[in-house]
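Contents: one structure, followed by commentary.
The values are calculated or read from the model by the stated rules, or taken from the named source; none is laboratory data. Since we're looking at a predicted model, the values are computed, not measured. Positions of Cβ are backbone-derived with ideal geometry, glycine not excepted, and every protein chain shown enters the neighbour counts. Ligands, DNA and RNA are excluded from the accessible area calculation, which covers all protein heavy atoms including side chains. Shrake-Rupley method; radii C 1.70, N 1.55, O 1.52, S 1.80 Å.
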Amino acid sequence: AQSVTQLDSQVPVFEEAPVELRCNYSSSVSVYLFWYVQYPNQGLQLLLKYLSGSTLVESINGFEAEFNKSQTSFHLRKPSVHISDTAEYFCAVSDANAGNMLTFGGGTRLMVKP
Amino acid sequence: DAGVIQSPRHEVTEMGQEVTLRCKPISGHNSLFWYRQTMMRGLELLIYFNNNVPIDDSGMPEDRFSAKMPNASFSTLKIQPSEPRDSAVYFCASSFGASDTQYFGPGTRLTVL
């Protein structure tokens, strides 16, 4: 069984400041890792994913996440946030060998203030 | 390309009534997922279909919940009878392949009075 822990339920930050949203997972098998974003009253959208290869993955809107196997972490970072980044962010994990069922973390609400 | 389509977007019903939520996955996708999102429990996987066959329904709360996928382009989630604690946003998602991204629909907000 897998589990995902997002250590912060809310992260307030000022516009143009850097941000890190933390994600730790627990699994006994190889994993795929995902970050999804949910804007108010919308469904989840994929932000970025790690399947294999380079441990640093990037999204088109400036977010990046690094897979750290030894620390079982997949923290999400952005060097300078915008008001439009205000949303809820979900980290998720799936078993790389057994299909694509996702286990989600509890979510982190990023609140960007002007 | 249309994304995952869910209907209705909002549903308000009274306790004891039957509720049916509908989902049309993205064409060509062979996996379909139903999730429930609440403030208290977060995002929970209810059931997962692969090639129209239910693979894992361990997340279905109880016998009042049932899901079907009669063909590759349609799935339903039924609650009978509904209870106030079923109030939540229900999401459908689809994907193709073990490592493929899951694409989520806009959700159905269910309120049971």
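Summary table below
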| read-out | value |
| --- | --- |
| Accessible surface, chain A, averaged per residue in Å² (probe 1.4 Å) | 48 |
| Backbone N under 17 Å from the B:Ser73 label point (7 Å along Cα→Cβ), restricted to the stretch B:17-35 | B:22-32 |
| Label point at B:Arg64 placed 7 Å out along Cα→Cβ; residues across the stretch B:2-27 whose backbone nitrogen lies under 14 Å | B:13-20 |
| Principal axes of the protein assembly as shown: Cα extent on each, largest first, Å | 49, 40, 34 |
| Given A:Lys49/B:Lys78; A:Lys78/A:Lys113; A:Lys49/B:Lys68, the pairs whose alpha carbons are separated by over 22 Å | A:Lys49/B:Lys78; A:Lys49/B:Lys68 |
| Under 14 Å, Cβ to Cβ, from B:Pro106 - net charge with Lys/Arg +1 and Asp/Glu -1 | +3 |
| Accessible area that becomes buried as A packs against B, both chains, 1.4 Å probe, Å², nearest 100 | 1600 |
| Given charges at beta-carbon only (K, R positive; D, E negative), |dipole| of the protein assembly as shown in Debye | 140 |
| Karplus-derived HN-Hα couplings along the stretch A:42-59 (A = 6.51, B = -1.76, C = 1.60, θ = phi - 60°), whole Hz, x at Gly and Pro | 10, x, 7, 10, 5, 9, 6, 8, 10, 10, 5, x, 4, 7, 9, 10, 10, 9 |
| Chain A - percent relative contact order, Cα under 8 Å, separation 6 or more | 38 |
| Of all DSSP beta bridges in the protein assembly as shown, antiparallel share, percent nearest 5 | 90 |
| Within the stretch B:1-93: Cβ-based charge dipole about Cα centre, in debye rounded to nearest 20 (Lys, Arg +1; Asp, Glu -1) | 220 |
| Spin-label zone in the stretch B:1-39 - amide nitrogen under 18 Å from a point set 7 Å from the Cα of A:Ile60 along the C-beta vector | B:1-4 |
| ³J(HN,Hα) computed for each position of the stretch A:3-8 - Karplus, 6.51 cos²θ - 1.76 cosθ + 1.60, integer Hz, glycine/proline x | 8, 10, 10, 9, 5, 10 |
